[in-house]
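What follows is a set of notes on a single structure, which appears directly below.
The values are calculated or read from the model by the stated rules, or taken from the named source; none is laboratory data. Note that the structure is a prediction, hence the values are computed from the model and not measured. Ideal geometry is used to build each Cβ from the backbone, glycine not excepted, and the neighbour counts take in all protein chains shown.
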Amino acid sequence: MDRVLLADFLRARREALQPEDVGLPRGPRRRTGGLRREEVAALAGMSADYYSRIEQRRGPMPSEQMLAALVIALNLDPTEKEHLFDLGGYAAPRRVVLRDDVSPTMRLVVERLADTPAMVFSQFGETLLQSPPALVLFGDHSHFSDMSRYLVYRWFTDPSQRTLYPREDHELRGRVFTAEIRAAYTANPRGRAGEIVAALLEASPEFGEIWRRHEVGIVHHHDLKNYLHPELGELEMYAQRLVDSDTAQELLIFSATPGSTSYVKLQRLTTPAVMAAARHLQ
């Protein structure tokens, strides 16, 4: 908890509001703008003394319930809510706007990476966008439908999906993909992740066995991984991960160590002929 900044933020937001903003009458005797402390306290369902002590930098650490009440009382927007919780010493419930189309920011980044393998995934492992080199490297993912849209589902139900990785890496890949869908499931078990997990539990005993381990924290996106390509052969690449916290979409950018054999192989993906063929697939 940052007592000083919390007090200053509450005071600033209180003084920026007018009574009519929160459904209160202005009254003829009000000479200054902003809400009074007792008005904020009443709107939040707390005593005026308790709220005043917070603004005076001498109050106790408010509970999450108290902060949530102040969010409503001060008519805070989502960004201000997150800031209030941070100042109060809590991890704020983060905004996640799930969407099936690529966010404009992610699309712009991929367009700037036209000569680099890059892919945008939804929170559930659905491929939303591929750069031309990624199309050549991993194949076109736009033709998948129903549950097959999701990488974790394909991994446990479609043997061809595993040809991308050396056999000795299959066990770890399965655990990683399961941990990723578990994170989405934990955030909202009744949403789309719940549908994916239910379908996998019915279709794949292997997934069920891994799922019951409750493994978390084994996703290492920055590790050097081995991939198999039908024409380029074995590739060693890093997958740099960028996440859009507002949409839960993630961008994976694949690269090899400069000067390595894998780096030279990746350069073949950006020849004019290959790039033209890849754009034809889009």
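Every test in (1) at pLDDT below 90; (2) out of contact with any Asp or Glu (no Cβ under 7 Å at 6 or more places or on another chain); (3) under 30 Å from T257 (Cα atoms) is passed by I181 save one, and that test is (1).
Here H83 fulfils each of the conditions (1) under 13 Å from L10 (Cα atoms); (2) over 19 Å from the mean Cα position of the chain (by Cα) apart from (2). Checked against (1) within 29 Å of R14 (Cβ to Cβ); (2) modelled with pLDDT of 85 or more, S131 passes all but condition (1).
Highlighted here would be helices (runs of 4 or more DSSP H) found entirely within region 107-203 that include at least 1 residues which are hydroxyl-bearing (S, T, Y) and under 23 Å from K265 (Cα atoms), but there are none. For beta carbons closer than 7 Å, sequence separation of 6+ or different chains, a first residue in region 183-204 that is farther than 13 Å from T157 by Cα and a second that is surrounded by fewer than 17 Cβ atoms within 10 Å (Cβ to Cβ), the qualifying pairs are Y185/G194.
Assess whether I210 counts as being buried (at least 17 other Cβ atoms within 10 Å of the Cβ) and outside the structural domain of R162 (by TED's automatic domain parsing). So I210 fits the description; yes.
Scanning region 145-189 for residues that are assigned by TED's automatic domain parsing to the domain that holds F121, surrounded by fewer than 15 Cβ atoms within 10 Å (Cβ to Cβ), hydroxyl-bearing (S, T, Y) and more than 22 Å from L232 (Cα to Cα) yields a total of 1.
Rundown of residues vs (1) over 30 Å from S245 (Cβ atoms); (2) not small (G, A, S), yes/no style:
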residue	(1), (2)
L10	no, yes
G23	yes, no
G34	yes, no
E38	yes, yes
A44	no, no
A48	yes, no
R58	yes, yes
S63	no, no
L76	no, yes
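Of the set (1) of a type outside the set (F, W, Y); (2) crowded, with 16+ Cβ neighbours inside 10 Å; (3) modelled with pLDDT of 85 or more, all apply to E111 but (2). Scanning region 54-74 for residues that are surrounded by 15 or more Cβ atoms within 10 Å (Cβ to Cβ) and at pLDDT 85 or above yields I54, E55, P62, M66, L67, A68, A69, L70, V71, A73, L74.
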